[in-house]
Number of protein chains: 2
Amino acid sequence: MIEPGSPAAITGTSIDDFLDRLASKDPTPGGGSAAAIMGAMGAALISMVCNVSHGKKGCESAEPELLEVCAQSEALRRRLTAMVAEDVAAFDELMAAYKLPKETDEEKQRRSHAIQSSLKRATEVPLACARDCAEVIRLSRRAGEHGYLGVISDAGVGVSAAYAAARSAALNVYINAPSLKDRAFAERALAELEGIMTSCTAESEAVYALVRERL
Amino acid sequence: MIEPGSPAAITGTSIDDFLDRLASKDPTPGGGSAAAIMGAMGAALISMVCNVSHGKKGCESAEPELLEVCAQSEALRRRLTAMVAEDVAAFDELMAAYKLPKETDEEKQRRSHAIQSSLKRATEVPLACARDCAEVIRLSRRAGEHGYLGVISDAGVGVSAAYAAARSAALNVYINAPSLKDRAFAERALAELEGIMTSCTAESEAVYALVRERL
């Protein structure tokens, strides 16, 4: 078991323990952590397609392409894995801000400032997650087009995981953006997210269909 | 690190190690294990919605409903977690069957029999995964309708994870079914899967929309 209040250690815990903690009544780890892990799983599967294709007959000409895809999917995997801790930290910071005293005018002002600053972070983290998942989806097309046929279904699983992660992260942006007083920031975040989700939906469907055809 | 060839221990390994192994050139763990874990994460999130809602103001009348949902999602979580090992075992059995000697007629016959038997198992395991994920999706509607508003987004993440898991498992059925000589078995599996996927697609979209409206 990992220590409570030690978000950095979540991905160091076992899958069994993580699932137990996810199911529990504790608010973290919750959907935000699950989203980042699904995104990281998607990136890992794209790396796997590239790694298995390496040196395989029929994949020789795609070798430089797949090496580049793998370098990018590994960088995304690292970022998405780190986001598990960032999501928990952002959520805990927001909860702590809501619990600040609100008796005097000064306290009220300090609390409001802390809440707004935490809400921004709790909007930025899932937005970054959705952005990275969109990248994983783009890479899954290249892995699906050029990868070795024996593992091509893993590109289909990777794109499905990354899309579920993006949709999940989006929900956390939808929750937090309406409470932001900095409306310009909130509207920019929502507009960027809308663009990401529109292209993710179309692209993930296209890649899944491409993979099914190649099976 | 877990021992190679010890599929039962996969969910006992850390998330970091699992992601490393997923990304590696080793064929297992691969998409099938990732599918089962996403399904288990979906079930865990439905349990979380129920567990957090317990005793919350406004959720009193839904208490019996949410207790029942939680009991079912926990049973599904246990089954889906166990499927990680089953998927690896089924894949390893199939790979071992393909490697059997095929010099004499007797060897050829024994090999063909072993391949067919392994292919059946490698079709049944992901089909069972898709079936259980469809159950998770059905439960996510009940959690999304009756759960506490503060964690309702987790029902949206849960349904997204379960749907990605079902789509991912489906790919493994699509791969293995065409090689089955028992066509009646194969056609039955594909027909059942088609029914599952049609209802999963519609239902997961509806639940995601329901959650977004309640945010």
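Work out the FRET efficiency for A:S117 and B:K181 from their Cβ-Cβ distance, taking R0 = 56 Å, and round it to the nearest 0.05.
0.30
Where is the GNM fluctuation largest for chain B (alpha-carbon springs, 10 angstrom cutoff): B:D20, B:D132, B:D154?
Result: B:D20 has the largest fluctuation of those listed.
Ranked highest first by average number of other Cβ atoms within 10 Å, how do B:139-148, A:91-100 line up?
The peptides rank, most packed first, as B:139-148, A:91-100.
Stretched out fully, how many nm does the piece from B:A9 to B:A89 gain, at 0.36 nm a residue minus the Cα gap?
27.6 nm
Taking a label point 7 Å out from Cα toward Cβ, give me the nm distances from B:D92 to the same spot in the other copies, shortest first, one decimal.
Its label point is 3.7 nm from the equivalent points in the other copies.
Which distance in Å, rounded to a whole number, links the C-alpha centroids of region B:84-141 and region A:84-103?
Centre-to-centre (Cα) distance: 47 Å.
Find the chain A residue whose Cβ sits closest to the rotation axis that carries A onto B, and give that distance in whole Å.
A:A164, 2
Any chance you could give the angle, 0 to 90 degrees and rounded to 10, that helix A:31-53 forms with the longest Cα principal axis of chain A?
20 degrees
Please list log₁₀ I(q)/I(0) at q = 0.10 Å⁻¹ for chain A, using the Debye equation with identical point scatterers on the alpha-carbon positions.
-0.49
Starting from the Cα-Cα distance between B:E68 and B:A82, subtract it from 0.36 nm times their residue separation and give me the gain in nm to one decimal.
Here the segment from B:E68 to B:A82 would lengthen by 2.9 nm.
For A:169-180, what's the mean count of beta carbons from other chains sitting within 10 Å of each residue's beta carbon?
For this peptide, the per-residue mean of nearby foreign Cβ atoms is 3.
Expected output is a single nm value to one decimal: the length gained when fully extending between A:S24 and A:R214, i.e. 0.36 nm times separation in residues minus the C-alpha distance. What is it?
64.3 nm
In region B:46-76, what residues drop by 50 Å² or more of accessible area when the other protein chains are put back, versus the chain on its own? Use 1.4 Å, and skip ligands and nucleic acids.
Hits at the 50 Å² cut-off: B:M48.
Taking a probe of 1.4 Å and counting only protein heavy atoms, give the total accessible area buried between chains B and A in Å², rounded to the nearest 100.
4300 Å²
Taking only Cα atoms and a 10 Å spring cutoff, compute GNM fluctuations for chain B and point out the largest among B:A40, B:A170, B:A184.
Of B:A40, B:A170, B:A184, the Gaussian network model singles out B:A184 as fluctuating most.
With every protein chain kept in place and ligands, DNA and RNA left out, what is the accessible area per residue of the protein assembly as shown? Probe 1.4 Å, answer in Å².
Accessible area per residue: 43 Å².
Using a 1.4 angstrom probe on heavy atoms only, work out the carbon and sulfur share of the accessible area of region B:134-191 in %.
Looking at region B:134-191 in its full context, I get 54 percent from C and S.
Rounded to the nearest Å, what's the spacing between the alpha carbon centres of region A:17-66 and region B:146-162? Just the number, please.
22 Å
Given springs between every Cα pair under 10 Å in a Gaussian network model of chain B, which of B:S47, B:S61, B:S204 has the largest fluctuation?
It is B:S61.
Within 10 Å of each Cβ in peptide B:145-157, how many partner chain Cβ atoms are there on average? Round it to a whole number, please.
Whole-number average of other-chain Cβ neighbours for B:145-157 is 4.
Under a point-charge model restricted to the Cβ atoms of Lys and Arg (+1) and Asp and Glu (-1), what is the dipole moment magnitude of chain B relative to its Cα centre, in debye to the nearest 20?
240 debye
Between the label point of A:H54 and that of the same position in each other copy, find the distances and list them shortest first in nm, with every label point placed 7 Å from Cα along the Cα-to-C-beta direction.
Distances between equivalent label points, in nm: 4.7.
Return the subset of B:K99/B:K120; A:K57/B:K102; A:K120/B:K57; A:K108/A:K181 for which the Cα-Cα distance in this structure is over 21 Å, preserving the input order.
Table pairs above 21 Å Cα-Cα are A:K57/B:K102; A:K120/B:K57.
The values are calculated or read from the model by the stated rules, or taken from the named source; none is laboratory data. Keep in mind that what you see is a predicted model, and the values were worked out from it rather than measured. Note that we place each Cβ from the backbone using ideal geometry, even for glycine, and neighbour counts take in every protein chain shown. Just the protein is used for accessible areas: all its heavy atoms, side chains included, with ligands, DNA and RNA removed. Shrake-Rupley method; radii C 1.70, N 1.55, O 1.52, S 1.80 Å.
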